[in-house]
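The values are calculated or read from the model by the stated rules, or taken from the named source; none is laboratory data. Note that this is a predicted model, so its numbers are computed, not measured. No Cβ is skipped: glycine too gets one built from the backbone with ideal geometry, and neighbour counts run over all protein chains shown.
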Amino acid sequence: MTTTAESGEDARILRSRDAMRAALLGLLAAGADYSSISVSDLARRAGVTRKTFYAHYDSVDAVVSAMARDLFAGAVAALDDAALLLPLGRGFLGQAIFRRLALDVETVAPLVLKCPGALFLEPAVTVMRDDLLPRLRAVNGIGPPGGFEQAYLFRMAGAVLHAALFSWASRSFEDSPDTVAALVMEVLAPVADRILLGGREAGSGEVVVND
């Protein structure tokens with residue numbers, strides 16, 4: 001059972017975390033160069049001590065990576081099973097993810113435009129491996145892709161996703177999420193479908209590919 005004291009502590013932790021994330025976005029919005037932002041800058045703007053900062057994150061980079069992971073994990077968690085049905089070339093997965101990310105453009109824009117792209121790649125790969133792939137396998141009854149294919153597919157997908165988000169943000173999100181998603185899936189879906197559908201014999205179900 002969660003006590004009132006524990007609930008209060010959890011709320012303080014969340015407030016501190018959110019304050020540090022907001023501080024980073026605020027500094028970037030104010031024109032600060034990412035490479036010049038220090039832990040002291042973030043802590044001061046967030047109204048917390050350096051000790052409190054290090055209780056949550058070990059660096060400024062870690063703040064960006066955590067925010068990116070939450071963006072991607074939130075988009076995957078919001079997917080319904082219909083969006084996960086193979087083949088991905090039908091575009092439903094891409095549409096659902098970009099429509100979700102469109103709700104967070106105020107966070108997406110400064111992160112993709114002003115922070116190192118590498119800080120997006122690892123969180124994207126982690127979410128695809130730990131969150132998205134298990135759901136794709138469960139919904140479609142497919143086995144796991146090979147280690148070689150999985151490693152390259154996830155990193156290629158992460159790079160394409162970052163490039164698309166960078167371009168989308170650079171254009172002030174004037175393009176519809178479905179338009180951006182269609183282009184991304186045109187690039188990724190043929191390879192992803194070949195790799196994922198190649199594991200169908202190892203699964204417990206049957207995947208039907210519709211033309």
**OP:** Please list, ordered by first then second residue, the pairs with beta carbon atoms under 9 Å, 6 or more apart or interchain, first in region 80-102 and at positive phi, second charged (D, E, K, R) and assigned to a helix (DSSP H, G or I).
**Re:** 91/178; 91/186
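How many residues, within region 81-107, are outside any helix (DSSP H, G or I) and either of a type in the set (Gly, Ala, Ser) or under 13 Å from the mean Cα position of the chain (by Cα) (or both)?
Going through region 81-107, the residues outside any helix (DSSP H, G or I) turn out to be 85-87, 91.
With either of a type in the set (Gly, Ala, Ser) or under 13 Å from the mean Cα position of the chain (by Cα) (or both) added as a condition, the list becomes 91.
Of the residues in that region, 1 qualify.
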Original post:
Cβ-Cβ below 7 Å, separation at least six or inter-chain, first residue in region 41-56 and in contact (Cβ under 8 Å) with a residue 24 or more places away in the chain, second of a type in the set (D, E, K, R) and part of a helix (DSSP H, G or I): which pairs?
Top reply: 56/17
Subject >> Condition met for residue 66 (in the same structural domain as residue 112 (by TED's automatic domain parsing), surrounded by fewer than 19 Cβ atoms within 10 Å (Cβ to Cβ), without any contact (Cβ under 8 Å) to a residue 60 or more places away in the chain and over 29 Å from residue 182 (Cβ atoms)) >> reply: yes
Original post:
Across region 24-54, which residue is farthest from residue 70 (Cα to Cα) among those that are assigned to a helix (DSSP H, G or I) and in contact with an Asp or Glu (Cβ under 8 Å, 6 or more places away or on another chain)?
Top reply: 27
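Taking the conditions exactly as written (over 18 Å from the mean Cα position of the chain (by Cα), surrounded by 13 or more Cβ atoms within 10 Å (Cβ to Cβ) and of a type in the set (D, E, K, R)), does residue 41 satisfy them or not? Full working, then the answer.
On the way: over 18 Å from the mean Cα position of the chain (by Cα): yes; surrounded by 13 or more Cβ atoms within 10 Å (Cβ to Cβ): yes; of a type in the set (D, E, K, R): yes.
So residue 41 passes the test.
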Original post:
Just one of the numbered conditions (1) within 19 Å of the chain's Cα centre (by Cα); (2) at positive phi is not true of residue 47; which one?
Top reply: (1)
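Within region 171-198, how many residues are closer than 29 Å to residue 143 by Cβ and outside any loop (DSSP other than H, G, I, E, B)? I'd like the intermediate steps shown before the answer.
The initial filter retains those residues of region 171-198 that are closer than 29 Å to residue 143 by Cβ, namely 181-182, 184-198.
In the following step, the residues that additionally are outside any loop (DSSP other than H, G, I, E, B) were identified as 181-182, 184-197.
Summing the residues that are closer than 29 Å to residue 143 by Cβ and outside any loop (DSSP other than H, G, I, E, B) in region 171-198 gives 16.
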**OP:** Would you check if residue 155 is within 18 Å of residue 188 (Cα to Cα) and surrounded by fewer than 15 Cβ atoms within 10 Å (Cβ to Cβ)?
**Re:** no
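Okay, residues lined up against (1) modelled with pLDDT under 95; (2) assigned to a helix (DSSP H, G or I):
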| residue | (1), (2) |
| --- | --- |
| 120 | yes, yes |
| 126 | no, yes |
| 130 | no, yes |
| 136 | no, yes |
| 139 | no, yes |
| 144 | yes, no |
| 151 | yes, yes |
Original post:
Which residue, of 44, 100, 50, 90, is modelled with pLDDT under 95 and of a type in the set (D, E, K, R)?
Top reply: 90
Original post:
Restricting attention to region 1-38, which residues are of a type in the set (D, E, K, R), modelled with pLDDT of 95 or more and surrounded by 12 or more Cβ atoms within 10 Å (Cβ to Cβ)?
Top reply: 21
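Could you check region 146-199 and list, in sequence order, the residues that are among the basic types (Lys, Arg) and under 13 Å from residue 112 (Cα atoms)?
Kept after step one, since they are among the basic types (Lys, Arg), are these residues of region 146-199: 155, 171, 194.
Matches in region 146-199: 171 only.
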